[in-house]
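This report refers to the structure that appears directly beneath it.
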Amino acid sequence: MDVLTLRKYKRINKISKIKAKQTREELVSAVTRHFSTIPVKEIEVVTTFLYSVQNKGTRFAPLIVFSNM
């Protein structure tokens, strides 16, 4: 990634543990640490991906079933 993209990621995700003027390597390190802390629901991601591929890019909307009981 280029430096502008890394700075934008830092700004949007409010990563404030690094100084204002940092090198590309420092930005990469901070973004990598932040990205690795984000939890991922693997089953949900795979299911959504497969649905999107099968349905030509349409977004997966879970079926909501209402019961009158």
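The values are calculated or read from the model by the stated rules, or taken from the named source; none is laboratory data. The shown structure was predicted, so the numbers you read here are calculated from the model rather than taken from an experiment. No Cβ is skipped: glycine too gets one built from the backbone with ideal geometry, and neighbour counts run over all protein chains shown.
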Worksheet entry | Selection from segment 4-58 of residues that are loosely packed, with under 11 Cβ neighbours inside 10 Å and of a type in the set (A, V, I, L, M) | 4, 12, 20, 38, 40, 43, 45, 46, 53
Worksheet item: Hey, any hits in segment 6-18 for a residue that's outside any helix (DSSP H, G or I), at pLDDT below 90, in contact with a helix residue (DSSP H, G or I) (Cβ under 9 Å, 6 or more places away or on another chain) and among the basic types (Lys, Arg)?
Response: yes
